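This report refers to the structure that appears directly beneath it.
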Amino acid sequence: MRKAAFLLALLLGATAAEAQLPFLRKRDAQPQQPVLQGIDALRAEFAAQSGGTMVYFGSESTLLGPPARTALALQAAWLRRHPEVVVRIEGYGDSLDTRDHALAVGARRAEDVRSYLVLLGVPAVQVSTTSWGKERPGLGRAVTVLVR
Amino acid sequence: MKRLILPVLLLGLAGAAQAQQPAATVIAVPPLTSPDSGDKGNQMLAVGWNVTQAIEADLRQTAEVMPLRPNRDDYYSYPEVTAPTFSKWRSKGAKALVTGFVQGRSDGRLTVGCYVYDADKGRELARKGFIIGANDWRRAAHKCSGLAYTAITGAPGIFDTRIAYVAENGVGEARTRRIAVMDSDGQNQRYLTSGDAMVLTPRFSPKASQLAYVSFAGGRPAVRVANLDSGQERPLVAGDPISFAPRFSPDGSRIAFSMMLGANSDIYVVGANGGLPQRLTTAPGIDTDPSFSPDGSKIVFESDRGGTQQLYVMNADGTGQRRISFGGGWYAAPSWSPDGEWIAFTRRGQDGRRIGVLKADGSGEQTLTSGPGDEGPSWAASSREILFQRTAANTRTGLYRVALDGSEPRQLATPQDGSDPDWSGVAD
């Protein structure tokens, strides 16, 4: 009996402790979040189902590594399911680079991402590119942005 | 015996000191006088004093000429303009003298006379007269400063020139950038773009009547050309390619620039008034930042075709491409000096970016700045100074000028943070 009571207390204690865990609080807070609509809802869905919108490059490199290819495979799968959506790949350069070379590196990274998405079956007209060079925070990456 | 040796020793010491730090030529700048009398004379003397102070400020910016501070009470008669008392200026240490007069005209405009003398030899070096609007005295001062500078150094004056740059406000995503144009003394600043779209790399046409720059207004970086007088502007090339790094040819008829074709950046040239771009480079990799030689026959550019960014020179039609930088590290953003002697560049190493120069054949390389955040060299019309951008550790940017003599870079005052400077030639 005493043992049972002790176990019960342990269980209650555990439950009480569990109530403090982050995922429970997160679920409690959810109804307060605004309901996303239109392009914002699509963007959120794309980001969630593709495991993110960014791929990263090594310094001075425009090569797509295995993590980038995995991420782009997920992006491509989603884009094939949503042929009505248009995306723009925004490439970034490296901060230590000079301005115009960084612009070209960003453009090249964006173009490499675009080529890979097209290789995976995404229609070419669905994907455009641009470059931010080293002119914006968030260097060394390419971001897939839903335009419409 | 001792008495004889001492002056020789002193001379030797003075020589050594001069060799270490190139001495600037001291120039006297007495107040401009006037042949007019009465109230009009007083008005003209007041304008003359403005001009005198502007000349002093102009010359003080240079590394080669050092003005004596003018004294307004230092009365200077009209006849003295053409017959100066040289001993007076020699006794103050001046090697040269710039002086002149302001005279009112019956049509309300002014005549400004400007005279430059070698005070040591007591002879005239140059003289020039300008007729200007009553409020245009600053322009007359710049022309007079240029006359003195050229007479002393043999190089074109840089005072009647303009500077274009990118004026920056705010930080991070919220940073706005506008193309700004100002006189080289910091006066008459105006903005060409509103700040709605990011802009980069303004580049003057040779007479500073047009400006090519990169705008992100259409979502992708693209070169636009603006007419500075009419305010009209247009895209450099049709369609929607990514294009950047524009530079005018010395005669103003062509613009060389970079354009992306797929993942490949190559150098193209197109008529300044439009037309079909002609492709000059075909190497895989990134070719960018073209800059014409002053005679327009050659183009220096950067390419990473060999694995790292290096400088290459080619004929203006794209033939005869050859590498000229071999010093180790990465070389970028070359700019050919107006006198054809030097090519300025940004050199990247593990410890940052610095400004340097080398000859067109690749020899004589010198590093001019200590970095670590320097880039984007642009020549003064004199070919003796370089304007560049320095980024501080806190990411704020500023414009600096450095002389070829190895002296310390000096910051140029701008109303906001500034990047991507371009120094025009002499307008005339």
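The values are calculated or read from the model by the stated rules, or taken from the named source; none is laboratory data. None of the values given here were measured: they were computed from a predicted structure. No Cβ is skipped: glycine too gets one built from the backbone with ideal geometry, and neighbour counts run over all protein chains shown.
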Residues being touching a Phe, Trp or Tyr at 6+ places or on another chain (Cβ under 8 Å), polar (S, T, N, Q) and within 13 Å of A:Tyr116 (Cβ to Cβ) - total across segment A:46-92: 1
Strands (runs of 3 or more DSSP E) lying entirely in segment B:332-405 (those with 1 or more residues that are assigned by TED's automatic domain parsing to the domain that holds B:Thr288, under 29 Å from B:Gln416 (Cβ atoms) and out of contact with any Lys or Arg (no Cβ under 9 Å at 6 or more places or on another chain)): B:342-349, B:352-359, B:374-379, B:385-391
Some residue of segment B:197-204 being in a strand (DSSP E or B), touching a Phe, Trp or Tyr at 6+ places or on another chain (Cβ under 8 Å) and more than 30 Å from A:His101 (Cα to Cα): no
Residue identified as part of a loop (DSSP other than H, G, I, E, B) and either in contact (Cβ under 8 Å) with a residue 12 or more places away in the chain or not charged (D, E, K, R) (or both) among B:Arg220, B:Arg177: B:Arg220
All helices (runs of 4 or more DSSP H) inside segment B:1-117 with 3 or more residues being modelled with pLDDT of 95 or more: B:38-60
Unique match (being under 20 Å from the mean Cα position of the chain (by Cα), under 28 Å from B:Phe244 (Cα atoms), aromatic (Phe, Trp, Tyr) and surrounded by fewer than 24 Cβ atoms within 10 Å (Cβ to Cβ)) among A:Tyr116, A:Tyr92: A:Tyr116
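Residue by residue, here is whether (1) part of a strand (DSSP E or B); (2) in contact with a strand residue (DSSP E or B) (Cβ under 9 Å, 6 or more places away or on another chain); (3) aliphatic (A, V, I, L, M); (4) farther than 21 Å from B:Val225 by Cβ holds:
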residue: B:Arg247; (1), (2), (3), (4): yes, yes, no, no
residue: B:Ala256; (1), (2), (3), (4): yes, yes, yes, no
residue: B:Ser265; (1), (2), (3), (4): yes, yes, no, no
residue: B:Leu276; (1), (2), (3), (4): no, yes, yes, no
residue: B:Thr281; (1), (2), (3), (4): no, yes, no, yes
residue: B:Asp287; (1), (2), (3), (4): yes, yes, no, yes
residue: B:Glu302; (1), (2), (3), (4): yes, yes, no, yes
residue: B:Gly307; (1), (2), (3), (4): no, no, no, yes
residue: B:Asp317; (1), (2), (3), (4): no, yes, no, yes
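Residue-wise test of (1) closer than 24 Å to B:Gln309 by Cβ; (2) within 14 Å of chain B (Cβ to nearest Cβ); (3) small (Gly, Ala, Ser).
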{"site": "A:Ala48", "(1), (2), (3)": "no, no, yes"}
{"site": "A:Arg69", "(1), (2), (3)": "no, no, no"}
{"site": "A:Leu79", "(1), (2), (3)": "no, no, no"}
{"site": "A:Asp94", "(1), (2), (3)": "yes, yes, no"}
{"site": "A:Gly121", "(1), (2), (3)": "no, no, yes"}
Yes/no for B:Ser382 being touching a residue at least 60 places away in the same chain (Cβ under 8 Å) and not aromatic (Phe, Trp, Tyr): yes
Identity of the residue in segment B:258-279, of a type outside the set (Gly, Ala, Ser) and within 14 Å of chain A (Cβ to nearest Cβ), that ends up surrounded by the most Cβ atoms within 10 Å (Cβ to Cβ): B:Ile267
Single residue of B:Gly425, B:Gly418 found to be under 16 Å from the mean Cα position of the chain (by Cα) and modelled with pLDDT of 95 or more: B:Gly418
Hey, B:Ala180 modelled with pLDDT of 95 or more, closer than 30 Å to B:Ala392 by Cβ and away from chain A (no Cβ under 14 Å) or not: yes
Filter result for B:Arg234 (surrounded by fewer than 17 Cβ atoms within 10 Å (Cβ to Cβ) and not aromatic (Phe, Trp, Tyr)): yes
Test: residue in segment B:187-197 that is of a type in the set (S, T, N, Q) and on the phi > 0 side of the Ramachandran plot: yes
Residue tally, condition out of contact with any Ser or Thr (no Cβ under 7 Å at 6 or more places or on another chain), of a type outside the set (D, E, K, R) and away from chain A (no Cβ under 14 Å), over segment B:322-341: 4
Flag if B:Val181 is touching a strand residue (DSSP E or B) at 6+ places or on another chain (Cβ under 8 Å) and either within 14 Å of B:Asp58 (Cβ to Cβ) or surrounded by fewer than 24 Cβ atoms within 10 Å (Cβ to Cβ) (or both): yes
Condition check for A:Val125: among the aliphatic types (A, V, I, L, M) and more than 10 Å from chain B (Cβ to nearest Cβ): yes
Residues located in segment B:280-289, provided they are more than 10 Å from chain A (Cβ to nearest Cβ) and either of a type in the set (Lys, Arg) or surrounded by 21 or more Cβ atoms within 10 Å (Cβ to Cβ) (or both): B:Leu280, B:Thr281
Scope segment B:231-257; condition aliphatic (A, V, I, L, M) and within 10 Å of another protein chain (Cβ to nearest Cβ); matching residues: B:Ile242, B:Ala245
Residue among B:Leu276, B:Leu228, B:Leu236 that alone is in contact (Cβ under 8 Å) with a residue 40 or more places away in the chain and more than 23 Å from B:Asp304 (Cα to Cα): B:Leu228
Flag for B:Ala256 being under 30 Å from B:Ser297 (Cα atoms) and touching a Leu at 6+ places or on another chain (Cβ under 6 Å): no
Residue check, B:Ala344 over 30 Å from B:Gly172 (Cβ atoms) and within 14 Å of another protein chain (Cβ to nearest Cβ): yes
Residue satisfying all of: in segment A:120-148; buried (at least 18 other Cβ atoms within 10 Å of the Cβ) and assigned to a loop (DSSP other than H, G, I, E, B); modelled with the highest pLDDT among these: A:Val122
Identity of the residue in segment B:207-217, assigned to a strand (DSSP E or B) and within 14 Å of another protein chain (Cβ to nearest Cβ), that ends up surrounded by the most Cβ atoms within 10 Å (Cβ to Cβ): B:Val214
